[in-house]
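The values are calculated or read from the model by the stated rules, or taken from the named source; none is laboratory data. Just so it is clear, the structure is predicted and the values come from calculations on it, not from any experiment. No Cβ is skipped: glycine too gets one built from the backbone with ideal geometry, and neighbour counts run over all protein chains shown. These accessible areas exclude ligands, DNA and RNA; they are computed on the full protein's heavy atoms, side chains included. Shrake-Rupley method; radii C 1.70, N 1.55, O 1.52, S 1.80 Å.
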Amino acid sequence: MSTIDQVPMTTDVQASTRRHLWMHFSDLTSFADREIPTIVRGEGTYVFDDKGKRYIDGLAGLYTVNVGHGRTEIADAVHRQMTELAYYPVWGFTTPPAAALAQKISELTPGDLNRVFFTSGGSESVESAWKLACQYHGLRGKPSKVKIIARSGAYHGSTLGALAVTGVAPFRAPFLPLLGNALHAPAVNNYHAEVSARQHALDCANAVGAIIEAEGPDSVAAVIVEPVQSAGGCLVADPVYFARLREICDANDVLLISDETVCAWGRLGSFFGSAKIGYQPDIITTAKGMTSAYVPMGAVIASDQIAEPFLHEGVIFEHGLTFGGHPTAATAALANIAIIENEGLCDRAVSMGRTLREGLEELYRFPIVGDVRGDGLFYAIELVADRSTKEGLPSAVLAEWAKWVPGALLERGLICRAINRGGPTLQFSPPLTLNENDVDEIVNIVGSVLEVMSSQLV
């Protein structure tokens with residue numbers, strides 16, 4: 001009997017899940033009269049349930065499995081590392097995988113982002129970056145610079161510090177009051193803007209400047225934005241937005257943080273979304289596709305300028321995480337990056353992204369499809385009652401949408417995101433190994449669901 005065969009596994013997954021497993025962001029009563037989907041295997045762009053049914057993983061797990069499922073290269077690398085050194089902290093120590101990964105990341109990042117502080121995930125990365133920004137300013141004699149500005153509707157994590165930065169009201173409501181130093185500026189939403197995309201971008205960037213002026217530049221530490229805002233459905237900003245933010249931040253001694261928890265590791269067609277769009281952040285936060293989720297890991301990547309005040313005797317970044325720089329996770333990340341490079345998955349995200357967009361745009365044949373938007377292999381469809389007026393769907397339809405659509409997609413063999421934040425949207429973030437047949441299947445499945453929805457509105 002092999003070692004893996006000796007690991008005890010429950011024989012009744014449904015019963016154990018219902019009684020003991022607290023599923024994340026889940027209504028635990030919603031499975032009272034139906035089975036909980038049980039995923040047991042992954043291969044490429046597909047996952048399989050315990051009944052043998054195949055699904056296209058149109059969300060790459062949770063915007064994470066960029067190189068696809070079942071990569072033995074990563075599993076083998078992790079196995080070798082675990083038999084040699086499974087874990088040791090980077091608290092006053094280093095390990096070869098952590099050192100090698102920090103160097104590799106610094107080679108891939110734009111500009112002089114050469115210092116890497118490892119975390120376990122995206123929420124930790126955002127909180128770590130905020131703390132880093134505050135201490136950075138404090139070491140430079142500006143301890144009052146502690147506030148952070150994010151965008152309304154943006155998701156930056158669910159732990160309390162990251163949740164304060166997050167601009168999604170329903171996530172925040174049960175835990176108010178949160179940390180009081182987080183502020184929110186308007187999101188860039190071209191579809192609902194009343195001016196050109198360029199002017200809208202400038203208006204939204206200047207709104208950040210107005211908040212800094214109102215709060216006082218001496219109180220603001222950082223501005224944090226995603227290259228493409230995930231929550232709200234792949235909101236894309238004209239590049240002038242980021243250029244103007246850079247000017248505003250520089251003029252007010254405010255750091256620009258690019259939250260690339262989702263938009264890195266090939267997702268938008270480059271290793272980092274900020275490089276794809278063409279702006280230079282002071283700090284990048286990341287996680288998810290860094291290891292393609294084979295092992296949890298995240299990072300805060302800081303410029304040499306941010307690191308400089310910490311390079312003096314007796315100065316310590318007063319922050320640490322048990323699993324930051326985990327050697328097994330670092331090994332997984334290095335293997336993952338090698339796959340992305342060797343298989344040209346950044347370029348593939350661009351080419352297959354065009355194919356996915358063309359397929360999704362075919363769905364404009366349904367009047368309820370208001371907007372198709374995104375970049376790379378990160379796309380969303382927003383649904384409306386009237387495309388000409390952009391009128392939202394009736395509340396009764398939205399209620400049925402929330403109940404029916406996710407299950408209908410799953411039943412037809414597609415996992416994607418069906419959300420209603422600012423407008424009902426379907427969101428797609430498949431593995432970068434997606435092919436043309438997968439796109440056709442995605443479009444056909446979504447089309448069959450939209451056809452049913454459209455008939456209900458007639």
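For the range 353-413, the convex hull spanned by the alpha carbon atoms encloses 95 Å³ per residue.
Highest mean packing comes first when the peptides 417-428, 91-102, 145-156, 350-361 are listed by Cβ atoms within 10 Å, giving 145-156, 417-428, 350-361, 91-102. Ranking MET23, LEU450, ILE284 by how far each Cα lies toward the positive end of the dipole of the chain (charges on Cβ) leaves MET23 at the top.
Remark: for residue pairs LYS131/LYS276; LYS288/LYS390; LYS104/LYS131; LYS53/LYS104, the C-alpha separation exceeds 29 Å in LYS288/LYS390; LYS53/LYS104.
Across the chain, Cα pairs under 8 Å and at least six residues apart give a relative contact order of 20 percent.
Each of ILE316, SER388, ILE306 was scored by the projection of its Cα onto the charge dipole of the range 292-438, and the greatest displacement toward the positive side belongs to SER388; charges sit on the C-beta of Lys, Arg, Asp and Glu. Size descriptors for the chain: radius of gyration and Dmax over Cα atoms are 22.2, 72 Å. Dipole magnitude for the range 1-142: about 400 debye, using +1 per Lys or Arg Cβ and -1 per Asp or Glu Cβ, origin at the Cα centre. Here the range 65-205 is treated with +1 on each Lys and Arg Cβ and -1 on each Asp and Glu Cβ, and its dipole about the Cα centre works out to around 480 debye. With both labels modelled 7 Å from their Cα along Cα-to-Cβ, the PHE31 to VAL452 distance reads 2.1 nm. With each label modelled as a point 7 angstrom along the Cα→C-beta vector, the GLU411-GLU341 pair spans 4.7 nm. Between SER388 and ALA100, the simple spin-label model (points 7 angstrom out along Cα→Cβ) gives 6.2 nm.
Taken about its Cα centre, the chain carries a charge dipole of roughly 540 debye when the Cβ of each Lys and Arg holds +1 and the Cβ of each Asp and Glu holds -1. Across the alpha-carbon set of the range 155-236, the Rg to Rh ratio works out to 0.98, Rh being the Kirkwood radius.
Pairwise alpha-carbon distances in the range 330-458 exceed 17 Å for 60% of all pairs.
On the range 22-142, 57 percent of the accessible area sits on carbon and sulfur atoms, based on a 1.4 Å probe.
In straight-distance terms, cross-link reach from LYS145 covers every one of the aspartates and glutamates whose alpha-carbon lies under 15 Å from its own, apart from those fewer than eight places away in the same chain; here that gives GLU213, GLU215, ASP218, ASP250, ASP253. Here the range 306-458 has 50 percent of its accessible surface on carbon and sulfur atoms, given a 1.4 Å probe and all protein chains in place. Summed over the residues of the chain and divided among them, the accessible surface reaches 44 Å² per residue at a probe radius of 1.4 Å. If you wrap the Cα atoms of the range 294-383 in a convex hull and average its projected area over all directions, you get 9.7 nm².
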